[in-house]
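**Student:** My questions will all concern the structure given below.
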């Protein structure tokens, strides 16, 4: 990625892949919530009332947990619109950074993104301790975190 235009194009592809993954997660969570609700509604009341009530309570807890995960995924997806899609001069939320240790994208969420035919990119929340320690770093600068030196090579 010697060319800034290539880096910006790569960043665009990373953002699109992250959105695709989040949209798939949101769809899966919605389907899971619907299945849990249907399961609770289909649970027939038997002569063993306690078993029926326990099953409904468990389904309700599952629905609440899935609902929380859905809300968080939707908030993360919306937050992408607030991230800068321009190259920055220092590491900040929304930056795609190339360190000697590999590619990192600072954005809400997290995980590992891999585009076909490309290097993997570690998707790191700006709230993570690593990100907080390195925010503000400029290309060519180094900073230590957890006894490891991080040299920022390029920023997009």
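Bear in mind these aren't lab numbers, they're just calculated from the coordinates by the rules spelled out. Keep in mind that this is a model prediction, so the values were computed, not measured.
**Student:** Using only Cα atoms, what Kirkwood radius does region 89-156 have, in angstroms?
**Tutor:** Details: mean 1/r = 0.0841 Å⁻¹.
For region 89-156, the Kirkwood estimate is 11.9 Å.
**Student:** So what is the relative contact order for the chain, in percent, with contacts set as C-alpha pairs under 8 Å and at least six apart?
**Tutor:** Details: 212 pairs, mean separation 32.0, N = 156.
Here the relative contact order equals 21 percent.
**Student:** Mind pulling the per residue volume of the convex hull built on the Cα atoms of the chain? Å³ is fine. Don't jump to the answer; show the numbers that get you there.
**Tutor:** Values: hull volume 19.8 nm³, N = 156.
So the per-residue Cα hull volume is 127 Å³.
**Student:** Something else about it: With both partners inside the chain, how many of the DSSP beta bridges are antiparallel, as a percent to the nearest 5? Walk me through the numbers before you get to the answer.
**Tutor:** On the way: 15 of 19 bridges.
Around 80 percent antiparallel, to the nearest 5.
**Student:** Test of understanding: in a Gaussian network model of the chain with alpha carbons linked when under 10 Å, which of 109, 67, 94 would top the mean-square fluctuation ranking?
**Tutor:** Looking only at 109, 67, 94, the biggest GNM fluctuation is shown by 67.
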